[in-house]
Amino acid sequence: MSDLTDSPLVRMRGVTKAFPGVVAVDDLDLDIHAGRVHAIVGLNGAGKSTVVNLLAGLVKPDAGRIEFPDRGHASFNEVSLVPQELVFVPGLSVGRNILLGHEGRLTRQSLTKAETTTVEEVLDRVGLEVHPDLYPGECSVPQIRLIQMAKALLAQGKVMLLDEPTAVLSPREATRLMERVNALKSQGEAVVYVSHRLSEVLLLADVITVLKDGRKINSYQRGEIDRDGLISLLARDHPGMNELQGESLPGGELALAVKDLAAPGFEGLTFGVREGEVIALVGLQDAGQSWAVRTLAGLNPPSRGSVKLREIQVDLSSPVSVVARGMTLVPAERRTSGVIGSMTVRENVVISPRARAHRWGFRLRRLEQRTSDSYVRRLRVKARRPQLVATLSGGNQQKVAVARALETRPRVLLLDEPTQGIDAATKGEVLRLIKTEALANAASVVAATSQLDEVPGWADRAVVFRLGQVVAELDSNEISEAALLKHSLS
């Protein structure tokens, strides 16, 4: 195992990367050493994936430099990436997938003897026994993950980037993958390990770097920090949201009753929502909360369970039946699903057939404009008249999407990642306006979010998801980011 005083394989100095509306990585210093597992941890939006993409050479820094001291210049051939997604070519064999990009001039479908030997050697290094002539569709999810790692080894780089490598694996499968990571470390590989699973990080990592809002908080050697210490560092306080506390009407009648609901992505969801109450379905990214709210919206058919709105069973087989019953979704992907960019603000607000400006099958243009102007004023949408929604900022597009949903007069307003892609300065305003408008219309709110810091002070209760399972339900006086983190992180 190398000494950290040795020259690093990769050195990042003052690296900054910004995207429209957000600084993803801010003035980052990082050293990656041979024979070490370097874990990078942080909440969603902390900048972890951007760091991985910078190290892989997929994006260029706006400032600072990435150095390879042994080479004396930038050499991204030294780095191989295993992405979070299970990426492969279905029509090619395991061997051809591994060799993709490394073929000779003349390549045939079947492997040569030399190619078979090469593939078997890298598969052996990751501890996987599958025949190179198999196709990915014949392999299990953990096998495909190991095949991805074998392909990365074939690049003969000295640094392997693993982005959430166990996100799609069971605990037993994850344990096996971690054994292979340790084996690669003993062979001198430098491994950069990005994961939300703190138990894995603490078992594997020789160095842990904590990121928050794109900045490095600190780096710790093995044994210098424990799970509680990491959770304490990751938690953030947003006192500005506390002004929303107490504005709900949790004493109202039961509006929505969800019992033992299960569908692809989650299972075992049971909760009730009263009139005027805000319920947050909370978890890290892909923990199951977005699948749950999509199921309530009729987009992810359930395998079991029941949902009743005002004691009447809700048919979750299609969005049309859900909307007809009185539940409307504001989706996470507002640009593709929540608004129509080529239409004006007015046209987006009143597009639903349930809009009040539609009477007897006719569109009443003056009433449409008055309705739109009312929402623009109440939701503080910064827009001219007329203005195409595509030309608005992300926060104002989200307000238009919320206005469209409210104009359907829902009994339950469903939200999926309501502040996704919105700048930090606007997030609090959007949440506050959503809550105010929902209460004014006596609607209940069910919101799925991976932004744990936004839940305290906004939600009356929080249902916490982890790996597709409901692990806790917290009342408003129990909700803090630290508490949500403890339940969300395995």
(message) For the chain, take the longest principal axis of its alpha carbons; what is the angle in degrees between that and the long axis of helix 394-406, to the nearest 10 within 0 to 90?
(response) 50 degrees
(request) Specify which labelled value, from [x] 23.0; [y] 30.3; [z] 25.7, agrees with mean projected area of the Cα convex hull in nm² derived from the coordinates of the model shown. (result) [z]
(request) Please give the peptides 403-414, 388-399 ranked by average Cβ packing (other Cβ atoms within 10 Å per residue), highest first, as a rough proxy for protection. (result) 403-414, 388-399
(request) Could you point to the residue in THR118, THR344, ALA405 farthest towards the positive end of the chain's charge dipole, with +1 and -1 charges on the Cβ of Lys/Arg and Asp/Glu respectively? (result) THR344
(message) Give me the net charge for the shell around SER110: Cβ to Cβ below 11 angstrom, other residues only, Lys and Arg +1, Asp and Glu -1.
(response) +1
(message) Can you compute the charge dipole magnitude of the chain about its Cα centre, using +1 on each Lys and Arg Cβ and -1 on each Asp and Glu Cβ, nothing else charged? Give it in debye, rounded to the nearest 20.
(response) 2340 debye
(request) Apply the Karplus parameterisation 6.51 cos²θ - 1.76 cosθ + 1.60, with θ equal to phi minus 60°, to every residue of region 466-474 and state each ³J(HN,Hα) to the nearest whole Hz, in sequence, with x for glycine and proline. (result) 8, 6, x, 10, 7, 10, 6, 10, 10
(request) Keeping all protein chains in position, work out how much accessible area VAL59 exposes to a 1.4 Å probe, and write it in Å² to the nearest 10. (result) 40 Å²
(message) Students often check this: by mean Cβ neighbours within 10 Å, which of 472-479, 89-96 ranks highest, and how do the rest follow?
(response) 89-96, 472-479
(request) Out of all DSSP beta bridges with both ends in the chain, state the antiparallel percent to the nearest 5. (result) 50 percent
(request) Working from Cα positions, state the angle (0 to 90°, nearest 10) between the long axis of helix 424-440 and the longest principal axis of the chain. (result) 40 degrees
(request) Kindly identify region 375-460 as rounded, prolate or oblate by the Cα gyration tensor criterion: order the square roots of the eigenvalues as a ≥ b ≥ c, call it rounded if a/c is under 1.5, otherwise compare a/b with b/c, prolate if a/b is larger, else oblate. (result) oblate
(message) What is the sum of charges, Lys and Arg at +1 and Asp and Glu at -1, for the other residues whose Cβ falls under 12 Å from the Cβ of ALA63?
(response) +1
(message) For a quick check: with amide H placed at 1.01 Å from N, whose amide H comes under 5 Å from VAL470's, ignoring anything fewer than 5 positions away on the same chain?
(response) GLU267
(request) Towards the positive end of the charge dipole of the chain, with charges on Cβ (+1 Lys, Arg; -1 Asp, Glu), say which of VAL330, VAL89, ILE147 has the farthest Cα. (result) VAL330
(request) Could you pull out the pairs from LYS60/LYS216; LYS17/LYS216; LYS308/LYS399; LYS399/LYS427; LYS216/LYS399 whose alpha carbons sit more than 22 Å apart here? (result) LYS308/LYS399; LYS216/LYS399
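The values are calculated or read from the model by the stated rules, or taken from the named source; none is laboratory data. The structure displayed is predicted, hence computed values, not measured ones. Cβ sites come from the backbone with ideal geometry, for glycine too, and all protein chains shown count toward neighbours. Surface areas here come from the heavy atoms of the whole protein model, side chains and all, with no ligands, DNA or RNA. Shrake-Rupley method; radii C 1.70, N 1.55, O 1.52, S 1.80 Å.
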